[in-house]
Amino acid sequence: MNQSVILQLTNVTKTFSHGSPTNSQQAVLDNVSLTLNHGELLGLLGPSGCGKTTLLRIVAGFESISQGTVEIAGKVVCNKSESLAAEKRQTGMVFQDYALFPHLTVADNIAFGLKQQYKSSKNRKNLNLFARQHSPQIQQRVKEVLELVGLKDFAPRYPHQLSGGQQQRISLARALAPQPALILLDEPLSNLDVQVRHRLRAEIRAILKAAGTSAIFVTHDREEALAISDKIAVMRQGKIEQVGSPESVYLNPATRFVAEFVTQANFLPATRQGQVWQTEIGDVPASSGSNVAEGDLMLRPEDIVLIPDPDARIIVRERQFLGREYYYGVETASGKRIYARTELSQAIAIGAKVRLSLKLKSPQIFGVVSQKNQTLTSVPSF
């Protein structure tokens, strides 16, 4: 695959004024740098207010920046002093609410973007021909993208005659039709029910891969990001905490925040004694290369095995049936709540006493949150 850079963000900063007499500035984005290669799908993952949608809007050309540069396909499209218009950036946008024209058919919705692209081009020799609603060139491209998204027979329908999932695929087809260098998707599945979202996230990935298009999509859904992305950028408070493949981010979180947000991990205080970490639920083998004396042991819910034991001091406080598994909340002798996922073959009653067995191949230890400024210092131990 061609690994040429399609998007380069360098020290992108966005500040807003509070409007106070002191004219104080709040950084929504703080020195964000990121590289996206041709053909890659990047998920911007993070909680509400972390800056991910603002970053997407900057790339699209809907927001200016306070500092830094944005390059698309090797061309600077935005810096502190100037910004290329959105329609000239070779990007396609897929909105959360689909943004289809209700009075136009599916074919006309897709063709609209193609005609606008032609009108804005320098070659206006055959403008009247291309501006006509059913020009052969436009018709052919509409047919191609409808086949790509699996809706080739839906051209004459109107948006209200489509399901939510079909409308989102048409929105994607419209964005793909002009063959942009980069597709931008702003929480494209958030308005859909769970079943449709699960099916459509696989379809969106397949469509983008078949088109050979690079894409960035914004989401706060970790499963969605893991399923669709080639690369994930986890954001927090205007900064990128970690960038990597879905597997590397999930299995080797770089910070405690990433571990909490992406893996929904538990944290258990641990003290190093020789070759083990001592915790209130038992000892865990430690790697010989670690020199950390104490911290919090990361436990993913799936790393924990519950073993019924009437003499144990850990009590099952809650149990949720999730269809394919049970989700337990257990309470240790110190009152700490720990969450575990188990197979359906193991159903333990609320109030039962259990021991915890850990399936940890490489224990990971994180530093404790600073009480002074609430910053996170992570010290992975493998």
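The values are calculated or read from the model by the stated rules, or taken from the named source; none is laboratory data. Computed from a prediction, not measured in an experiment: that's the story for all the values here. For neighbour counting, all protein chains shown are included, and Cβ atoms are generated from backbone atoms with ideal geometry for every residue, glycine included. Note: accessible area is taken over every heavy atom of the protein model, side chains too, but ligands, DNA and RNA are not part of it. Shrake-Rupley method; radii C 1.70, N 1.55, O 1.52, S 1.80 Å.
Here the extension length gained between Lys152 and Ala293 equals 44.6 nm, from 0.36 nm per residue of separation less the Cα-Cα distance. Ordered from highest to lowest accessible area with the whole protein assembly present and a 1.4 Å probe, Met93, Met235 read as Met93, Met235. Overall, the stretch 278-321 carries a charge dipole of about 140 debye about its Cα centre when +1 sits on the Cβ of Lys and Arg and -1 on the Cβ of Asp and Glu, all other atoms neutral. In the chain, the sites counted are trypsin sites (Lys or Arg not before Pro) in DSSP loop states with at most 14 other Cβ atoms within 10 Å, and the longest stretch holding none of them, exclusive of the sites, is 153-312.
Ligands, DNA and RNA excluded, the heavy atoms of Ser163 present near 60 Å² of accessible surface to a 1.4 Å solvent probe.
Solvent-accessible area assigned to carbon and sulfur over the chain amounts to 48 percent, based on a 1.4 Å probe.
The calculated FRET efficiency for Arg317 paired with Ser248, based on their beta-carbon distance and R0 = 35 Å, is about 0.55.
Can you check what the net charge comes to around Val292, using other residues whose Cβ is under 14 Å from the Cβ of Val292 (Lys, Arg +1; Asp, Glu -1)?
Numbers: positive: Arg256, Arg272; negative: Glu294, Asp296.
Neighbour charge sum, excluding Val292 itself: 0.
Computed from label points 7 Å out along Cα-Cβ, the spacing between Asn37 and Gln67 is 3.0 nm. For the chain, the solvent-accessible area of protein heavy atoms averages 49 Å² per residue (probe radius 1.4 Å; ligands and nucleic acids excluded).
With a cut-off of 12 Å between beta carbons, the residues surrounding Cys50 carry a summed charge of +1, where Lys and Arg count +1 and Asp and Glu -1.
What ranking of Ile350, Ile183 comes out by heavy-atom accessible area, probe 1.4 Å, highest first? Kindly include the intermediate steps, with their values, before the conclusion.
On the way: Ile350 110, Ile183 0 Å².
Reading off the accessible areas and sorting them downward yields Ile350, Ile183.
Under a model in which nothing but the beta-carbon of Lys, Arg (+1) and Asp, Glu (-1) is charged, the chain shows a dipole of about 1180 debye around its Cα centre.
As a test, work out the antiparallel percent of DSSP beta bridges whose residues both lie in the chain, rounded to the nearest 5. Before the final figure, lay out the partial values.
On the way: 58 of 76 bridges.
Here the antiparallel bridges make up roughly 75 percent for the chain.
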